[in-house]
Protein chains: 2
Amino acid sequence: MVAHKFQYDHNMSDQPLRVCLVGSGNWACAIARIIGENTVLNDSVFEPKINMWVFEELVRGRKLTDIINQEHENIKYLPGYKLPSNVVAIADLKEAARGADILVFCLPHQFLPRLLPDVRAILKPGAFAVSLIKGIDFNENGGIVLVSDIIRDGLGIDCSVLMGANVANEVAAGDFCESTLGTLHLHHGDILRQLFHAPTFHVNIVLDPHGVELCGALKNVVALGAGFCDGLGYGGNTKAAIIRLGLIEMKKFCYRFFDGIKEDTFFESCGVADLITTCFGGRNRKCAELFVKDKGVTWEEMEATVLNGQKLQGTGTAKEVYHIIERTNALHEFPLFTAIYRIAFEREDPKNIAKL
Amino acid sequence: MVAHKFQYDHNMSDQPLRVCLVGSGNWACAIARIIGENTVLNDSVFEPKINMWVFEELVRGRKLTDIINQEHENIKYLPGYKLPSNVVAIADLKEAARGADILVFCLPHQFLPRLLPDVRAILKPGAFAVSLIKGIDFNENGGIVLVSDIIRDGLGIDCSVLMGANVANEVAAGDFCESTLGTLHLHHGDILRQLFHAPTFHVNIVLDPHGVELCGALKNVVALGAGFCDGLGYGGNTKAAIIRLGLIEMKKFCYRFFDGIKEDTFFESCGVADLITTCFGGRNRKCAELFVKDKGVTWEEMEATVLNGQKLQGTGTAKEVYHIIERTNALHEFPLFTAIYRIAFEREDPKNIAKL
């Protein structure tokens, strides 16, 4: 991966920094509750008002932006939890992002190619970004493309990442958890920590954004393996072995395809903690369990029924990861990732998950 | 900790190595099924017959040794699973251990001071040991004493350790799992791997016996914290955070009080995998959950009722670990271990587990 040059450097003016949250789904609204409170508490650093870009839709006959701005609740994606009144929903992206010093991206990455040109058109000098988007993408040559790289390249600015064991509804409920901020830019990292850190949401900074982001994507592949174990009725020994082997292959994959990955990253919330949460809860684990139990079912059917239209990230990532390690003749070094792919897509016996 | 000098070195004779298994409880019998098969399969390396020392007791009016030798099953401690017929139960320790080249210790460590002099009296030159005993002990000055050190010192021989995510009944059932062999002696490690490794029981060697053994003890402290979370009804984010913070404090404790600990050890089965198994299953987690839910109950009452007389290892270890870090003025560096101790023994509010 190439090092990134940034067009702008944040100017250390006295003006409070303006924050734009690009996205308004379940996770975006949960994090809005935290950053909306922090900008008010730290109004010498941040402008309290946060613009939240909302993909406009009608909910019960009303515009979602109107509902959010009048009732301070996203009744569709995070019902039951109020948003701070200083978080303002805006349907026009340019209007929402104009003047922002900090762009917080939190939405399905498929949206980015369409949105980034609009943001770039009104980008404020010195602005920087942070991505809360889990997942990786792949280019037409089958090479890995980090979501943060799409943002970096699309806007020409620095982009940190925030990942961890952060089930959105539990964060919204104020349950204690941790998160990992991966950055290459200590000054941005320091500001972003002030934006996100809270008494029940502990943010650790690590200088390894690629490692943090890859953990967030690869854990979903391991979760499929954990789900296969559950579907087969295997006990704690076997499931723990699969999770451990998954962590080892995550590390190996990162080291092989990226420079500068730090081992400590895997001990952070984005690493072992998120892996545990995802392998015991989470939709990838759940669908993989059903895949084994209900032998005829397809992944697409489960997305349509069990997930009510949501997409599984683990299956897509498993497929692309497999193609990368196959093309680089490294299948024998990734026996678990290989087995997960073949069970998921080549009708291999799920019991082979425990015959590595 | 001091480096150990060994009185004997294993002589590379052509004679097959004789194995004595000291212990016949649940875990000892599960591992007997594996090593009993391996000594037959590798009879150029090992004498097939394995002597198993049994603490004699009457079960349904019959001697346990007779039951095992006639029915090839320990109906009290591992009912439902046959032992290989080449595993022979012997009630006299000297008779069982005489002539043994490899001593496999698998019994509560409280037995050791009484047993080791008998073993030493008949010890064969070149013999070496391996400990499957999880837990640590403490001397009268409150210093840490590794169980393997008790064996090393008591017998004056090398002692490796075998630890991992190995719930005994799942191992007996032949479920796939992994285990970690910690050794300082590569030749002994190689022999022991041949003794323990099996298609469904994968053994990795690491040259860090202290790290392996400490993981096996300290994970039980973290499991108390995980159990408190469960008792409070906390979700996956919080529990994952507690497990992660526990892993970090396990590492920190090892580094602070022992030399030569390797970071990779924590990625082995004895580390992250056993920690996961113990924090989702296991008696320490279970009793900690009940401790929170049933506010009046004591640890001793739970040992007597819930555990049917079995001892909790986590509470004793939590207490001793606390005293060590308190005496070395390091409480602030171990906020989780400190909170777990205070909740368990000083009536601190369990909710403080998530206020670190």
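Bear in mind these aren't lab numbers, they're just calculated from the coordinates by the rules spelled out. None of these values were measured; they are calculated from a predicted model. Cβ atoms come from the backbone with ideal geometry, glycine included; neighbour counts cover every protein chain shown.
Observations on the model:
- Calculated label separations, B:N141, copies of the chain, 7 Å along the beta-carbon direction, nm: 6.3
- Shortest-first distances to equivalent copies, position A:T298, nm, label 7 Å out along Cβ: 6.3
- Cα long-axis angle, helix A:26-41 against chain A (0 to 90 degrees, to the nearest 10): 40 degrees
- Between A:N352 and A:I122, the simple spin-label model (points 7 angstrom out along Cα→Cβ) gives 5.2 nm.
- When both the stretch B:129-156 and the stretch B:184-228 are represented by their alpha-carbon centers, they are found 15 Å apart.
- Tilt relative to chain A, helix A:335-345 - C-alpha long axis, 0 to 90 degrees, to 10: 90 degrees
- Whole-Å distance, taken between Cα centres, linking the stretch A:99-113 and the stretch A:272-298: 28 Å
- Net charge of the neighbourhood of A:V222, taken over other residues with C-beta under 12 Å away and scored Lys/Arg +1, Asp/Glu -1, is +3.
- Simple Cβ-charge dipole of the protein assembly as shown, Lys/Arg +1 and Asp/Glu -1, about Cα centre, in debye nearest 20: 840 debye
- Counting Cβ atoms of other protein chains within 10 Å of each Cβ in B:275-282 and taking the mean gives 5.
- Mean Cα-pair separation over length for chain A, i.e. relative contact order, pairs under 8 Å, 6 or more apart, %: 14 percent
- For the stretch A:271-300, the set of trypsin sites (Lys or Arg not before Pro) satisfying both a DSSP loop assignment and a count of at most 13 other C-beta atoms within 10 Å is given as A:K295.
- For B:D153, inter-copy label distances in nm, listed shortest first [label point 7 Å out on the Cα-Cβ vector]: 6.2
- Computed over neighbours whose Cβ is under 11 Å from that of A:R98, the net charge equals 0, Lys and Arg +1, Asp and Glu -1.
- Principal-axis analysis of the Cα atoms of chain B puts helix B:313-327 at an angle of about 60° to the longest axis.
- Other residues within the sphere of radius under 10 Å centred on the Cβ of A:D149, judged by their own Cβ, net out at -2 (K and R +1, D and E -1).
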